[in-house]
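Data first, discussion second: the structure below is written as structure tokens.
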Amino acid sequence: MKTPRITERRMFGGVAFLADGHMFVGIIGDVLMARVGPEDYAAMLKRKHVREMDFTGKPMKGYVYVDPAGIAGDEELEEWVMRCRGFVKTLPPKHENEPVPKGKSGGKPKRSGKSQ
């Protein structure tokens, strides 16, 4: 079984951790960003100290914020990390050299410069 490559990337104004290119948890200030997936999203929102992740002004389905009281102990933090890591294991693999879209273009191809 292949060991996942865990990387760190600055995202959402904080630090995110990715497993084989898939973001699964992150920290913004003292709040945990957790990618729980669409199936567990509603159930996770019912837990204490958990709220919608609304970084863009609207909720991001499948992602939640866990306030500091919800990750106060090592066991709580480990539970969230393992839950989120378990979810991203279900996602299709990303290609090793797959580019990450940057800037305002949203990853759209640039025009060739030909006049139309």
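Miscellaneous remarks
- Residues that are over 14 Å from the mean Cα position of the chain (by Cα), farther than 13 Å from Trp80 by Cβ and among the small types (Gly, Ala, Ser) do not occur anywhere in the stretch 4-19.
- Flag if Phe24 is under 26 Å from Pro93 (Cβ atoms), in contact with a Lys or Arg (Cβ under 7 Å, 6 or more places away or on another chain) and surrounded by 17 or more Cβ atoms within 10 Å (Cβ to Cβ): yes
- Residue within the stretch 10-19 that is at negative phi and outside any strand (DSSP E or B) present: no
- Taking the criterion of being over 21 Å from Val15 (Cβ atoms) and of a type in the set (A, V, I, L, M), the only residue of the stretch 45-59 that qualifies is Leu45.
- Taken together, the criteria exclude Met44 from residues that are exposed (fewer than 13 other Cβ atoms within 10 Å of the Cβ), at pLDDT 95 or above, within 28 Å of Pro93 (Cβ to Cβ) and not acidic (Asp, Glu).
- For the stretch 1-21, the tally of residues that are surrounded by 10 or more Cβ atoms within 10 Å (Cβ to Cβ), of a type in the set (A, V, I, L, M) and more than 22 Å from Glu76 (Cβ to Cβ) stands at 1.
- Test: residue in the stretch 94-110 that is surrounded by fewer than 10 Cβ atoms within 10 Å (Cβ to Cβ), out of contact with any Leu (no Cβ under 6 Å at 6 or more places or on another chain) and modelled with pLDDT of 90 or more: no
- Matching residues in the stretch 28-42 - criterion: being on the phi > 0 side of the Ramachandran plot and touching a helix residue (DSSP H, G or I) at 6+ places or on another chain (Cβ under 6 Å): Gly37
- In the stretch 1-22, the residues that are within 18 Å of Tyr65 (Cβ to Cβ) and of a type outside the set (A, V, I, L, M, F, W, C) reach residues that are at pLDDT 85 or above and not in a strand (DSSP E or B) with C-beta atoms within less than 8 angstrom, at least six apart or across chains, in these pairs: Gly14/Gly29.
- Where a residue in the stretch 33-51 is farther than 10 Å from Cys84 by Cβ and its partner, wherever it lies, is exposed (fewer than 13 other Cβ atoms within 10 Å of the Cβ) and at pLDDT 95 or above, with Cβ under 8 Å and at least six apart: Lys48/Ala69; His49/Pro68; His49/Ala69
The values are calculated or read from the model by the stated rules, or taken from the named source; none is laboratory data. On a predicted model such as this, the values are computed, not experimentally measured, just so you know. All Cβ positions, even for glycine, are placed from backbone atoms using ideal geometry, and neighbour counts span all protein chains on display.
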